[in-house]
Amino acid sequence: MGCGRVGATLAQSLESRGHSVAVIDQNPEAFRRLDSEFTGKRVTGLGFDRQTLVQAGVEDAYAFAAVSDGDNSNILAARVVRETYGVGNVVARIYDPHRAEIYQRLGIPTVATVRWTADQVLRRMLPMGATDEYRDASGQIVMAQMDVHPGWVGRPLHHIEAATGARVAYLTRYGDGVLPDPATVLQENDLVHMLLVATDLPKVERVLTRVPPEVE
């Protein structure tokens with residue numbers, strides 16, 4: 001739902017991966033954002049209207065993304081699709097970060113656009129710290145990209161885990177994801193993605209952004 005820049009890009013990306021896609025927007029002019037090669041359905045209407053959803057094929061849908069420019073419309077559509085039609089993979093874009101937290105805890109996956117953008121800007125302004133990449137529905141478990149002091153380079157990842165009490169989920173190395181094993185050593189320019197309890201985030205940040213302790 002929503003054929004703005006995000007919705008159009010998402011629809012075309014899904015179709016390029018071999019999926020059948022339907023796009024809903026109440027403004028038929030919005031479909032001009034889709035490439036001429038796009039072969040999916042274009043459905044004019046409200047994304048939370050049941051007749052519109054059925055026309056788009058919601059009864060056979062595997063997933064639904066509500067990415068219009070209205071928080072209320074997105075969350076209403078996401079709830080209708082999940083609760084009325086039983087679509088299990090539903091996500092809503094939410095501009096208000098406080099609302100996003102509430103709906104996340106209610107079990108409705110959200111993308112908090114403003115918070116995500118602010119985090120990305122802060123990461124480039126103040127590189128030492130952490131950026132949330134995922135939180136579970138309860139908000140208690142977080143996966144975050146962690147900046148680390150250069151002193152950690154050359155050390156095995158299990159030293160990082162022992163010092164922080166958190167788990168290294170994966171590394172990004174030269175643009176590729178790497179699943180680490182106990183012998184994996186941190187290299188220069190690696191991006192470290194860690195799983196941890198949300199309340200431990202400040203402590204883990206303090207440990208990783210300082211010179212590491214000596215290891216015998």
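Return the only residue of ALA61, ALA8, ALA30 being under 19 Å from the mean Cα position of the chain (by Cα) and either surrounded by 18 or more Cβ atoms within 10 Å (Cβ to Cβ) or not hydrophobic (A, V, I, L, M, F, W, C) (or both).
Checking each option against the conditions leaves just ALA8.
Write out, first by first residue and then by second, each pair whose Cβ atoms fall under 7 Å of each other, whose residues are 6+ apart or on separate chains, and whose first residue, in the stretch 190-205, is over 12 Å from VAL142 (Cβ atoms) while the second is basic (Lys, Arg).
ASP190/ARG173
From the list VAL87, VAL43, which residue is modelled with pLDDT of 95 or more and either surrounded by 16 or more Cβ atoms within 10 Å (Cβ to Cβ) or in contact with a Gly (Cβ under 9 Å, 6 or more places away or on another chain) (or both)? Spell out the reasoning first.
Working: VAL87 fails: modelled with pLDDT of 95 or more.
The unique qualifying residue is VAL43.
When residues of the stretch 132-153 are filtered for being surrounded by 14 or more Cβ atoms within 10 Å (Cβ to Cβ), β-branched (Val, Ile, Thr) and not in a loop (DSSP other than H, G, I, E, B), how many remain?
Number of matching residues: 1.
Condition (residue is of a type outside the set (Lys, Arg), crowded, with 18+ Cβ neighbours inside 10 Å and modelled with pLDDT of 85 or more) applied to the stretch 103-118: is it met by at least one residue?
no
Let me confirm something: among GLY40, GLY57, which residue is on the phi > 0 side of the Ramachandran plot and in contact (Cβ under 8 Å) with a residue 24 or more places away in the chain? Step through it out loud before you land on a result.
Details: GLY40 fails: on the phi > 0 side of the Ramachandran plot.
Just one listed residue meets the conditions, GLY57.
When the residues of the stretch 1-55 are filtered to those that are basic (Lys, Arg) and in contact with a Lys or Arg (Cβ under 7 Å, 6 or more places away or on another chain), which remaining residue is nearest to ALA65 (Cα to Cα)?
Initial filter on the stretch 1-55 (basic (Lys, Arg)): 5, 17, 32-33, 41-42, 50.
Restricting the remaining residues to those that are in contact with a Lys or Arg (Cβ under 7 Å, 6 or more places away or on another chain) gives 5, 33.
Numbers: ARG5: 14, ARG33: 17 Å.
Residue satisfying both the conditions and the ranking: ARG5.
The values are calculated or read from the model by the stated rules, or taken from the named source; none is laboratory data. Quick caveat, the model's predicted, so the values are computed rather than measured. No Cβ is skipped: glycine too gets one built from the backbone with ideal geometry, and neighbour counts run over all protein chains shown.
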